[in-house]
Amino acid sequence: MEFVKLQIEEEIAIVTIDRPKSMNALNNQVYEEIIAHLEAIQANDQVKVVILTGAGEKAFAAGADIAQMVHQDAMEGRHLGGLCHRSAYLLENMRQVTIAAVNGYALGGGCELTLACDIRVAAENARFALPEVGLGIIPGGGGTQRLSRIIGVGRAKEMIFTCDQIDAQEAYRMGLANHVVPQAELMDYCKAMARKIASKASYAVSVAKAAVNTSENVDLPSGCAREQDLLGLLFATHDKKEGMEAFLERRKPNFTDF
Ligand code: DAK
């Protein structure tokens with residue numbers, strides 16, 4: 001693929017947006033390549049964690065491609081919106097855990113991709129913003145919906161209305177970034193976290209992801225009922241038996257379900 005590279009290192013897939021001439025801006029092709037890679041990863045039993053990042057040291061992704069959007073009509077804009085939402089939906093709902101390694105500007109559509117990831121790790125030079133209203137549009141890849149769920153409605157509105165860039169430390173204070181690390185250590189940090197997650201019972205991790213996602217969309221009793229059903233299901237798995245037996249026998253578990 002031309003603009004999005006996929007590298008698989010044992011149980012970790014690294015998806016890198018690589019369009020340096022335009023700060024990794026997201027045109028239709030970039031979104032299509034992200035979707036194709038994520039769909040392939042989803043079908044790959046070997047991969048347990050996905051790290052999404054940008055090539056270079058300046059940008060994760062500086063947003064949707066303004067040079068493309070300036071010429072687009074309503075139906076083309078709608079098509080672009082579908083690609084943004086499909087990418088975000090995959091990151092948020094695929095069975096693998098998704099980590100955004102934010103190595104610089106994460107603006108507009110780039111910021112929205114990070115919002116759809118399960119975990120965001122920011123390099124010290126990371127900057128997050130939703131600058132869309134400065135261009136006469138609004139965030140269109142889920143930004144008006146996911147940002148407020150992560151940092152609260154008041155702060156989300158301020159970010160969206162002012163277009164202000166939020167640096168890594170402020171993103172950490174707001175809960176937008178889980179961690180801030182020096183840029184040179186970003187990928188090693190994310191890989192170490194990915195390996196830790198991959199060492200757990202992968203099917204249980206994917207079920208936990210689905211259960212937490214449910215909490216965003218339903219009332220507490222409905223969410224707890226789903227949690228109860230999912231936990232019941234896990235009692236039927238090999239990994240539950242193996243994990244508990246390994247604890248009692250004081251050995252490392254050999255998890256196999258996914
Ligand atoms: N699109 C296209 N080109 C971009 C770009 C972008 N988003 N961001 C940067 N570039 C290009 C620049 O034009 C420049 O190209 P050349 O002039 O060299 O050919 C090159 O990348 C380097 O950029 P700068 O010279 O500007 O570099 P600086 O270090 O001075 O500034 C910057 C870096 C990232 C702060 C700045 O480039 C910048 O502000 N970029 C634009 C950021 C932005 O506004 N992004 C939000 C885009 S809006 C939708 C769904 C989703 C969306 C829309 C619709 N539907 C449902 C319909 C999403 C919208 C967005 O993301």
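General observations
- Filtered by the rule that a residue be under 27 Å from I14 (Cβ atoms) and of a type in the set (D, E, K, R), segment 55-74 gives E57, K58, D65.
- Within segment 64-78, residues that are near the ligand (Cβ under 8 Å from one of its atoms) sit with their Cβ atoms under 6 Å from residues that are part of a loop (DSSP other than H, G, I, E, B) and of a type in the set (A, V, I, L, M, F, W, C), at 6+ positions apart or across chains, in these pairs: D65/A25.
- Pick from segment 8-41, criterion open to solvent by 50 Å² or more (accessible area, probe 1.4 Å) and within 11 Å of the ligand (Cβ to nearest atom), ranking: nearest to E112 (Cα to Cα): M23
- Taking segment 84-153 and the strands (runs of 3 or more DSSP E) fully enclosed by it, the elements with 1 or more residues that are within 12 Å of the ligand (Cβ to nearest atom) and hydrophobic (A, V, I, L, M, F, W, C) are at 105-107, 127-129.
- Criterion (near the ligand (Cβ under 8 Å from one of its atoms), surrounded by 14 or more Cβ atoms within 10 Å (Cβ to Cβ) and at pLDDT 95 or above) met by exactly one of G81, G56: G81
- Residue in segment 64-78 that is of a type in the set (G, A, S) and crowded, with 24+ Cβ neighbours inside 10 Å present: yes
- Check on V212, among the β-branched types (V, I, T), exposed (fewer than 13 other Cβ atoms within 10 Å of the Cβ) and part of a helix (DSSP H, G or I): yes
- Checking each residue of segment 93-113 against the condition of being farther than 17 Å from V15 by Cα, open to solvent by less than 30 Å² (accessible area, probe 1.4 Å), under 13 Å from the mean Cα position of the chain (by Cα) and of a type outside the set (K, R) gives no match.
- Scan of segment 123-181 for residues that are under 19 Å from G104 (Cα atoms), open to solvent by 70 Å² or more (accessible area, probe 1.4 Å) and out of contact with any strand residue (DSSP E or B) (no Cβ under 7 Å at 6 or more places or on another chain), ordered by number: R173
- Number of residues in segment 182-201 that are outside any helix (DSSP H, G or I) and crowded, with 18+ Cβ neighbours inside 10 Å equals 1.
The values are calculated or read from the model by the stated rules, or taken from the named source; none is laboratory data. This one's a predicted model, so the numbers in the text were calculated from it and none came from an experiment. Neighbour counts are summed over all protein chains in view; Cβ atoms, including those assigned to glycine, are modelled from backbone coordinates with ideal geometry. Calculation scope for accessible area: heavy atoms of the full protein, side chains included, ligands and nucleic acids excluded. Shrake-Rupley method; radii C 1.70, N 1.55, O 1.52, S 1.80 Å.
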